[in-house]
1. Out of everything in the stretch B:5-18 that is within 11 Å of another protein chain (Cβ to nearest Cβ) and at pLDDT below 95, what residue ends up being surrounded by the most Cβ atoms within 10 Å (Cβ to Cβ)?
2. Does B:Lys54 satisfy being open to solvent by 50 Å² or more (accessible area, probe 1.4 Å), farther than 10 Å from B:Tyr8 by Cβ, among the basic types (Lys, Arg) and away from chain A (no Cβ under 11 Å)?
3. What are the residue pairs meeting all of these: first residue in the stretch A:39-52, first residue in contact (Cβ under 8 Å) with a residue 24 or more places away in the chain, second residue exposed (fewer than 15 other Cβ atoms within 10 Å of the Cβ) and hydroxyl-bearing (Ser, Thr, Tyr), Cβ atoms under 6 Å, and 6 or more apart or on different chains?
There are 2 protein chains.
Amino acid sequence: MKTSATFYHAGCPVCVAAEQQLADAIDPARFDIEVVHLGEAKARIPEAEAVGVKSVPALVIAGQPFHINFGAAIADLK
Amino acid sequence: MKTSATFYHAGCPVCVAAEQQLADAIDPARFDIEVVHLGEAKARIPEAEAVGVKSVPALVIAGQPFHINFGAAIADLK
């Protein structure tokens, strides 16, 4: 079974760079990668916060959040 | 030809978590992944700084740095 990997972003330049390079580098053979735009899918902000996402872009692998550089705070997306 | 991906760390708990989850998630079919412990290999600090690494853990993909969470500042490793 593949491990889930969710990339949360908000369409910002820092987010786009991280998505194109880092999210794209994840091994698709081992991970189910989902990309979520929190600016457009605000209903998913609580889910991101629940696993500890404080800012975007962030990659959550198997429930563990990794904040990548800094694009925007979650609070600013609400 | 594979793209280079260098994971810089300093053995800190934040670094270890990032290495085990995120660096390990990179697709080995497309990337040559090198793990560098800057606390032990101080001679490589200038190379990391040259591509813009400010803190560890950081992953540099094709010359672009991604800072992952925050373990330690590069300045504190010198």
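The values are calculated or read from the model by the stated rules, or taken from the named source; none is laboratory data. None of these values were measured; they are calculated from a predicted model. Heads up, the Cβs are rebuilt from the backbone with ideal geometry, glycines too, and the neighbour counts pull from every protein chain shown. For the accessible areas, the whole protein counts, side chains as well, though only heavy atoms, and no ligand, DNA or RNA atoms are used. Shrake-Rupley method; radii C 1.70, N 1.55, O 1.52, S 1.80 Å.
1. Filtering first and then ranking leaves B:Ala18.
2. Values: open to solvent by 50 Å² or more (accessible area, probe 1.4 Å): yes; farther than 10 Å from B:Tyr8 by Cβ: yes; among the basic types (Lys, Arg): yes; away from chain A (no Cβ under 11 Å): no.
It is false that B:Lys54 is open to solvent by 50 Å² or more (accessible area, probe 1.4 Å), farther than 10 Å from B:Tyr8 by Cβ, among the basic types (Lys, Arg) and away from chain A (no Cβ under 11 Å).
3. Cβ pairs passing all conditions: none.
Okay, residues lined up against (1) open to solvent by 20 Å² or more (accessible area, probe 1.4 Å); (2) at pLDDT 95 or above; (3) in contact with a strand residue (DSSP E or B) (Cβ under 9 Å, 6 or more places away or on another chain):
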{"position": "A:Ala23", "(1), (2), (3)": "no, no, yes"}
{"position": "A:Glu34", "(1), (2), (3)": "yes, yes, yes"}
{"position": "A:Arg44", "(1), (2), (3)": "yes, yes, yes"}
{"position": "A:Glu49", "(1), (2), (3)": "yes, yes, no"}
{"position": "A:Val60", "(1), (2), (3)": "no, yes, yes"}
{"position": "A:Gly63", "(1), (2), (3)": "yes, no, yes"}
